[in-house]
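First comes the structure, then the notes that go with it.
The values are calculated or read from the model by the stated rules, or taken from the named source; none is laboratory data. Just so we're clear, the structure is a prediction, and the values are computed from it rather than from any experiment. Here Cβ is always computed from backbone atoms with ideal geometry, including for glycine, and neighbour counts include all displayed protein chains. These area figures cover heavy atoms from the full protein model, side chains too; ligands, DNA and RNA do not enter into them. Shrake-Rupley method; radii C 1.70, N 1.55, O 1.52, S 1.80 Å.
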Amino acid sequence: MKRKRSLLNPSKILVIGFAITILIGTLLLTLPISTKDGNGLPLINALFTATSATCVTGLVVVDTGTTFTYFGQVVILCLIQIGGLGFMSFATLLSFLLGKKISLRERLILQESFNSLTLEGIVRLVKRILVFTFVIEFVGGVILSIRFAMDMPIGRAIWFGFFHAISNFNNAGFDIIGHFKSLTDYVNDPTITLVVSALIILGGLGFFVMDNLFEYRKRKKLFLHTKIVLFTSAFLIIFGTMMIFLLEMHNGRTLERLSPMGKILASFYQSVAPRTAGSNTLNITDLRPSTLFFIILLMFIGASSGSTGGGIKTTTLAVLLGAVWSQYRGKSEIVLFKQSLKHDVIYRALTVTVSGLGIVMVVTFLLSISEGGDRFLEFLFEATSAFATVGLSMDLTPHLSVFGKILIMLTMFIGRVGPLTLAFALALKHSPDPIRYPEGKIMIG
């Protein structure tokens, strides 16, 4: 019995937990009550939708607003919430309600789930994460409900408001506007644009950053992780807004037709959304190839560690750029905000980046074979969107073959649990190698 337990390390439990959540969601979405036509979704489409929702991606093969009943939409919303916070957060919440003590094993799983560096204070953090989540989603839902009430009956407006608040805070990007339009009808609307952007940004910063900012009034200290996340995120948002504005300002199908304020709002939103949210106020297929390639770069970087978003993460980018800058200066030590980094952090960042690049390249290559046609940019865009759990699409997802759907599902799953977590889950337990080999020299560059 002890041997069986030892096989289920935290990484394995996380992978199995996400898989079980997806399977339950799949079964529920195949029920007749889930779809408006009363037939339920075909199995492959139900599996794809459940995977996309649980992996908080937002890629869809059927339109969420016109295909699903309220029951089906509630199922999707529950999968998004569980996928965004992690099933262990809800297991911990249940333990709190039942007055059950959180075991060491459960703490280890929580640590793995949130990619935490230490076990210290993990239960307290989970409590705050749950409070942060429900407060932010509630406030966002109320504001969006008031705005939607100007366009529709109050009951429907409330459902629209809270659905989009939960979906975007968890960086899922699912919408129920209908007809695959996402938020394009609200491209000039400052309330929708700014509130949804704020939800995406808060969800993408990470719970550790929010907790550190909350504690700042007491400690008067920001951790290195928080400084890197805030600086990198702010830079990417500002730089992304400027680039999209410059690239699209003379495009008659996107920014050129908008008012000056509309141009800024649309550029800002499309700079924020690719950081793993997946909703859009500009039609993605109308964007120029240069803009699409820039968005691919933003998607690949993604959100921050310990957040609801995907990608290689902002901290990974900062560490790699720091390593490159140190090499340019001939320094052996990487220093960020007057603090040096251990070399194992650099190796981990490099592993995540190379793994991500490898996955995107392989998936792009396989899509070009299975889907056919001269659409390389579409395949690269789709592969990156799936890996980074973004959800933006150049209208390729609804037309994927069965093999293409399975491939994208696997990519979303890997992107959500993380390449390293999946590798640790699949790896056998090895003892440290007692043999040390002599150092060799090779030429680089």
Practice problem: Among the residues of the range 241-260, write down those that are over 28 Å from the mean Cα position of the chain (by Cα) and over 17 Å from D286 (Cβ atoms). | Solution: S259, P260
Quiz prompt | Of the criteria (1) over 21 Å from L14 (Cβ atoms); (2) open to solvent by 20 Å² or more (accessible area, probe 1.4 Å); (3) in a helix (DSSP H, G or I), which one G373 fails | solution = (3)
Self-check item: Single condition A157 does not satisfy, out of (1) closer than 18 Å to G58 by Cα; (2) modelled with pLDDT of 75 or more
Solution: (1)
Exercise. Test each condition in (1) over 19 Å from the mean Cα position of the chain (by Cα); (2) in a helix (DSSP H, G or I) for L222 and report the one that comes out false.
Key: (2)
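Yes/no per residue for (1) part of a helix (DSSP H, G or I); (2) open to solvent by 20 Å² or more (accessible area, probe 1.4 Å); (3) of a type in the set (G, A, S):
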residue: L199; (1), (2), (3): yes, no, no
residue: F214; (1), (2), (3): yes, yes, no
residue: I237; (1), (2), (3): yes, yes, no
residue: G240; (1), (2), (3): yes, no, yes
residue: I264; (1), (2), (3): yes, yes, no
residue: G278; (1), (2), (3): no, no, yes
Quiz item: Within the range 32-56, how many residues turn out to be touching a Pro at 6+ places or on another chain (Cβ under 6 Å) and buried (at least 24 other Cβ atoms within 10 Å of the Cβ)?
Solution: 0
Quiz prompt | Tally of residues being over 16 Å from V139 (Cα atoms), of a type in the set (S, T, N, Q) and touching a residue at least 60 places away in the same chain (Cβ under 8 Å) across the range 179-215 | solution = 3
Quiz item: Does the range 388-399 contain at least one residue that is open to solvent by 10 Å² or more (accessible area, probe 1.4 Å), modelled with pLDDT of 90 or more, assigned to a helix (DSSP H, G or I) and not acidic (D, E)?
Solution: yes
Exercise. Evaluate the following for F208: is it open to solvent by 50 Å² or more (accessible area, probe 1.4 Å), more than 24 Å from I296 (Cα to Cα) and not acidic (D, E)?
Key: yes
Quiz item: Taking S332, is it more than 25 Å from L202 (Cβ to Cβ) and in contact (Cβ under 8 Å) with a residue 60 or more places away in the chain?
Solution: no
Self-check item: Filter result (touching a Phe, Trp or Tyr at 6+ places or on another chain (Cβ under 8 Å) and either buried (at least 16 other Cβ atoms within 10 Å of the Cβ) or outside any helix (DSSP H, G or I) (or both)) within the range 129-157
Solution: I129, F132, T133, I136, E137, G140, G141, L144, S145, F148, M152, A157
Quiz item: Among (1) at pLDDT 90 or above; (2) under 25 Å from the mean Cα position of the chain (by Cα); (3) open to solvent by 10 Å² or more (accessible area, probe 1.4 Å), where does V324 come up short?
Solution: (2)
Quiz item: Restricting the first residue to the range 13-33 and requiring it to be more than 13 Å from L79 (Cβ to Cβ) and part of a helix (DSSP H, G or I), which pairs with a second residue that is open to solvent by 10 Å² or more (accessible area, probe 1.4 Å) and acidic (D, E) meet a Cβ separation below 7 Å and a spacing of at least six or different chains?
Solution: L14/E112
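Name the single residue that is farthest from V60 (Cα to Cα) among those in the range 177-197 being touching a Phe, Trp or Tyr at 6+ places or on another chain (Cβ under 9 Å) and assigned to a helix (DSSP H, G or I).
Filtering the range 177-197 for residues that are touching a Phe, Trp or Tyr at 6+ places or on another chain (Cβ under 9 Å) and assigned to a helix (DSSP H, G or I), the one farthest from V60 (Cα to Cα) comes out as L194.
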Exercise. Mind listing whichever residues of the range 280-319 are hydrophobic (A, V, I, L, M, F, W, C), open to solvent by 10 Å² or more (accessible area, probe 1.4 Å) and in contact with a Lys or Arg (Cβ under 8 Å, 6 or more places away or on another chain)?
Key: I301
Quiz item: In the range 169-178, is there at least one residue being among the aromatic types (F, W, Y) and free of Cβ contacts under 8 Å to residues at least 24 places away in the same chain?
Solution: no
Self-check item: Test: residue in the range 406-419 that is at pLDDT 90 or above and out of contact with any Leu (no Cβ under 9 Å at 6 or more places or on another chain)
Solution: yes
